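No value in this document is a laboratory result; all are computed from the given coordinates. Worth saying up front: this structure is predicted, and the values here are computed from it rather than measured. In this analysis, Cβ positions are derived from the backbone assuming ideal geometry, glycine residues included, and neighbour counts consider all displayed protein chains.
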Amino acid sequence: MSGHPAGDYRKLRRSLVLRMALVSVVPLLVVSAANSWLFFRLNRAIVVDQHALSLRHQREALEQFLAAREAELRAITERYTKAELREGELDRVFRVIRQQPEVLSDIGVIDSRGDHVQYVGPFDLAGRNYRDAPWFTEVVERGVYVSDVFLGYRGVPHFVIAVLRREADDFWILRATVSADYFERLVNVSRSGRTGETFIVNEAGLYQTKGAHGQLLAPAGLGRPAWHEGTRGGEEEIGGTRYLVTTAWLEHPRWLLVYRQELGDVFAPLFDASLLGIGIWLLGAVGAVVLALAVARRQVRRIRQADQEKDAMAQRLVATGRVAAVGEMSAGLAHEINNPLATIDTLRTWIQDLGGTPPIPEEDRREILESAGKIGEQVARCKVITQGLLKFSRRVDAQPERIDVAAFLGELCVVARARARVDEVTLDTDFGTLPPIECTPAHLQQIVMNVVNNALDATAGRRDARVLVSSRLEGGRVVLRVRDNGPGIPPENLARIFQPFFTTKPVGRGTGLGLAICYGLVQELGGTIAVDSAEGGGTTFTVALPVQAPAGSPP
């Protein structure tokens with residue numbers, strides 16, 4: 001077993017940074033977006049309410065202004081007769097009125113025939129007849145009238161307030177023109193922002209006061225506005241620009257008071273606050289990412305250290321398992337080696353006896369040569385056993401290489417067969433035609449010997465004990481099976497056999513590490529290990545390994 005490639009830790013670090021950043025930034029983004037949305041709705045509601053409240057107050061102020069002018073004119077008609085006004089009182093009254101801010105620009109008396117019989121003001125309107133003028137008919141019918149803006153004889157936009165006074169069987173009208181400049185200032189007193197404006201349109205949608213984007217008596221872009229109670233606000237697109245428009249109708253005259261402001265101007269403070277919020281969010285996100293980088297780097301460093309410690313522990317466990325497996329085989333192998341050694345010792349004594357009686361007869365010479373040949377055979381037998389044992393027990397670096405599986409398994413089975421003869425177990429082999437595989441020889445050796453030793457332990461001392469080691473190429477993988485006809489594994493133990501330190505062998509016969517180490521080694525080689533067993537029906541271990549070493553396997 002060996003450490004992880006450096007690329008794995010880089011991927012882990014990137015993954016940790018990404019997850020920690022998402023965990024930190026996404027909730028912050030969601031909260032910021034929710035707050036921005038709620039703040040926008042609240043801000044919009046507040047702005048609309050402020051506009052509506054301001055417009056209500058302004059409507060009340062305008063209605064009071066027009067009512068005051070109407071009351072002022074009615075007081076004059078009640079105080080003076082037409083004759084008195086024509087005889088000079090109108091001039092004196094107008095001088096008194098003009099002592100206040102220049103609200104009225106002129107004043108005049110019109111008789112029942114529509115003739116302008118008395119006029120005080122900057123225009124030459126004396127003698128003009130208004131009998132056919134719409135406002136004249138209205139004031140006769142209603143007794144008081146506030147006109148829309150119109151041009152009239154002056155040729156300039158203006159509007160008038162007129163009141164009717166009846167005397168005996170006749171009547172006359174006192175008419176005054178409201179100062180356009182004063183009324184314009186009065187209407188547009190509630191400007192706000194860069195584009196906010198207040199103006200008045202009549203029922204036909206024509207400007208009654210100047211707008212920032214239009215002139216008096218020009219269409220205001222609102223169509224023919226419909227009557228509604230109270231104030232109403234909403235967004236409208238006029239000339240390709242979005243506006244927040246708030247409206248309220250005056251009762252008398254029927255004028256629509258409009259407050260209009262571009263949306264960009266209305267929500268400019270909100271946009272500024274949003275930019276500030278985005279800046280704060282970006283700073284928080286950058287801080288979260290920096291913190292995630294620092295924490296991820298520290299965590300990966302700890303994980304790398306833990307992996308190194310785990311790999312060192314795994315190496316020690318593998319070595320321990322190897323020593324344990326050698327220990328399990330040592331008694332049988334010692335007995336197996338003792339047999340050739342006893343034969344060698346007997347042949348040595350026999351040669352000495354034959355050689356001690358000179359001259360040596362030809363027949364004895366042949367026996368000596370035959371005995372020497374037998375000694376060589378026994379020595380070769382011991383050499384094979386000890387070499388196999390040394391190959392298995394020595395420490396080998398975990399370097400993947402191409403392995404001839406059949407030849408490799410054959411070498412291992414030589415050592416295993418020596419022990420099998422001692423335990424009176426028949427060890428058979430059946431190796432099919434297999435391609436070379438790329439894996440770590442030391443790991444494959446330990447896997448095979450641990451599984452075979454377990455099979456020999458399970459069948460030792462049983463009548464007609466057999467172990468079959470076979471290998472085949474199945475589905476692009478080399479599959480190794482070790483089958484025995486031992487007592488099998490109880491169902492309650494099947495789920496635990498790959499757990500470390502779990503063993504059913506007597507004390508001193510097993511460490512409980514063999515199969516656990518095998519499981520880890522097989523996983524590292526990119527393969528699988530499985531067991532199939534039934535009580536009284538023997539056990540089969542199946543190890544499947546890829547032909548090619550798995551990607552990212554240790555070099």
For a footprinting-style exposure proxy, rank ILE517, ILE238, ILE403 by other Cβ within 10 Å, fewest first.
ILE238, ILE403, ILE517
Give, in nm to one decimal, the length gained when the segment between VAL31 and ASP169 is fully stretched (0.36 nm per residue of separation minus the Cα-Cα distance).
41.8 nm
For ASP115, residues with placed amide H under 5 Å, excluding near neighbours:
TYR130
A correct Karplus calculation of ³J(HN,Hα) over the stretch 141-156, with 6.51 cos²θ - 1.76 cosθ + 1.60, θ = phi - 60°, whole Hz and x for Gly and Pro, returns 6, 9, x, 8, 7, 10, 7, 6, 6, 8, 8, x, 5, 6, x, 10
Aspartates and glutamates near LYS310 by alpha-carbon distance under 15 Å, same-chain residues fewer than 8 away left out - which ones?
GLU524
List the aspartates and glutamates whose Cα sits under 16 Å from the Cα of LYS210, skipping any in the same chain fewer than 8 residues away.
ASP148, ASP181, GLU184, GLU197
Per residue, how big is the convex hull around the C-alpha atoms of the stretch 1-83? Give it to me in cubic angstrom, could you?
71 Å³
By how many nm would the segment from LEU42 to ALA68 lengthen if fully extended, with 0.36 nm per residue of separation less the alpha-carbon distance?
5.5 nm
What is the magnitude of the charge dipole of the stretch 191-266 about its Cα centre, with +1 placed on the Cβ of each Lys and Arg, -1 on the Cβ of each Asp and Glu, and no other charges, expressed in debye to the nearest 20?
180 debye
Compute the length gained on full extension between ASP532 and ARG421: take 0.36 nm times their separation in residues and subtract their Cα-Cα distance, giving the result in nm to one decimal.
37.4 nm
Based on the Cβ-Cβ distance of ALA460 and ASP307, what FRET efficiency does E = 1/(1 + (r/R0)^6) give at R0 = 41 Å, to the nearest 0.05?
0.55
I'd like the FRET efficiency for ARG254 and VAL156, computed as 1/(1 + (r/R0)^6) with the beta carbon distance as r and R0 of 25 Å, rounded to 0.05.
0.60
Summing +1 per Lys or Arg and -1 per Asp or Glu among the other residues with Cβ less than 11 Å from ALA268's Cβ gives -2
Per-residue Cβ contact counts at 10 Å, fewest first, order TRP172, TRP281 as TRP281, TRP172
Along the charge dipole of the stretch 191-266, pointing to its positive end and built from +1/-1 on Cβ of Lys, Arg, Asp and Glu, which listed residue (ALA226, ILE200, GLN215) has its Cα farthest out?
GLN215
Can you sort MET313, MET20 by how many other beta carbons sit within 10 Å, fewest first?
MET313, MET20
Label GLN499 and VAL96 with points 7 Å out from Cα along Cα→Cβ: what is the distance between them in nm?
11.3 nm
Lys and Arg at +1, Asp and Glu at -1: neighbours of GLY538 with Cβ under 11 Å from its Cβ sum to 0
Spin-label point model (7 Å from Cα, Cβ direction): what's the GLN523 to ALA75 distance in nm?
10.2 nm
